[in-house]
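The values are calculated or read from the model by the stated rules, or taken from the named source; none is laboratory data. These figures come from a predicted structure and were not determined experimentally. Using ideal geometry, Cβ is built from the backbone for each residue, glycine included, and neighbour counts are taken over all protein chains shown.
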Amino acid sequence: MSFPDALQEESFPFFRDRARFLSLLEPKTPSELEAMAQEANGRTAQFFGKTVRLFAPLYLSNECVNVCRYCGFSRSNPIFRLTLSPEEAEREARFLAEQGFRSILLVAGEHPKWVSPGYVASCIRRIRPYFPSISVEIAPLEVEEYREIVDAGAEGVVIYQETYVPEIYSSLHLSGPKRDFVWRLQAPERAYRAGFRRIGIGALLGLAPWREDALALAAHAAWLLKHAWRSYLTISLPRLRPAAG
């Protein structure tokens, strides 16, 4: 059973701490918030110590074929479009490496012509000498297409679902391949089968009722921890910010 099927099950049998997680989403008094913060601090110190892992994003292209109501890259926005050549990407990456960064995230809009798997793989091969950790945030791909990027030297992939509420997802993504809710939702599983060592998921809280998305995001994470257990899992909460359109 894939995750979209499990998402329809109210019990989330694989989500052991669902009841406690729901309680954490309820309104809290200042003292309750402080207790949560202290527990979070203790767990962070237990598992990670006093360590912060920094990465730098490098935008390869803002070309995109999707029309999404919340995104500045949306095809309908009359903005200047640019795609870096692999040589230009290497120059930008070298600058970031000189600033001390050792992890980089290559970001691009979803455009099969300008941002093909071959193009991304070419950029990765150019910058691989500068970074021990390379991740990508690009359009969802087939397993074999993801494998081409892994073979080029990437170890991580980031795929935000944006919202886990299908009806709201449909109303926000007006045209383009991103309209396919299930195809995007299953992308982390395909990336795992392709060999990525790090998988990042996330929701843009505010597009839909945030408690629903938070619960679904936690369930998705629990699913991946069980079925993609050989990879590290990260969870992000990207911000709503002013954007073109």
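Assess whether residue 60 counts as being touching a Ser or Thr at 6+ places or on another chain (Cβ under 6 Å), modelled with pLDDT of 95 or more and outside any loop (DSSP other than H, G, I, E, B). Here the answer is no, as residue 60 does not meet what is asked.
Rundown of residues vs (1) in contact with an Asp or Glu (Cβ under 6 Å, 6 or more places away or on another chain); (2) farther than 24 Å from residue 163 by Cβ; (3) buried (at least 17 other Cβ atoms within 10 Å of the Cβ), yes/no style:
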position: 43; (1), (2), (3): no, yes, no
position: 47; (1), (2), (3): no, yes, no
position: 52; (1), (2), (3): no, yes, no
position: 58; (1), (2), (3): yes, yes, yes
position: 62; (1), (2), (3): no, no, yes
position: 76; (1), (2), (3): no, no, no
position: 88; (1), (2), (3): no, yes, no
position: 95; (1), (2), (3): no, yes, no
position: 99; (1), (2), (3): no, yes, no
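Among the residues making up the range 209-232, those that are hydrophobic (A, V, I, L, M, F, W, C) and farther than 18 Å from residue 21 by Cα are 228, 229. Taken over the range 128-159, residues that are buried (at least 23 other Cβ atoms within 10 Å of the Cβ) and in a helix (DSSP H, G or I) amount to 2.
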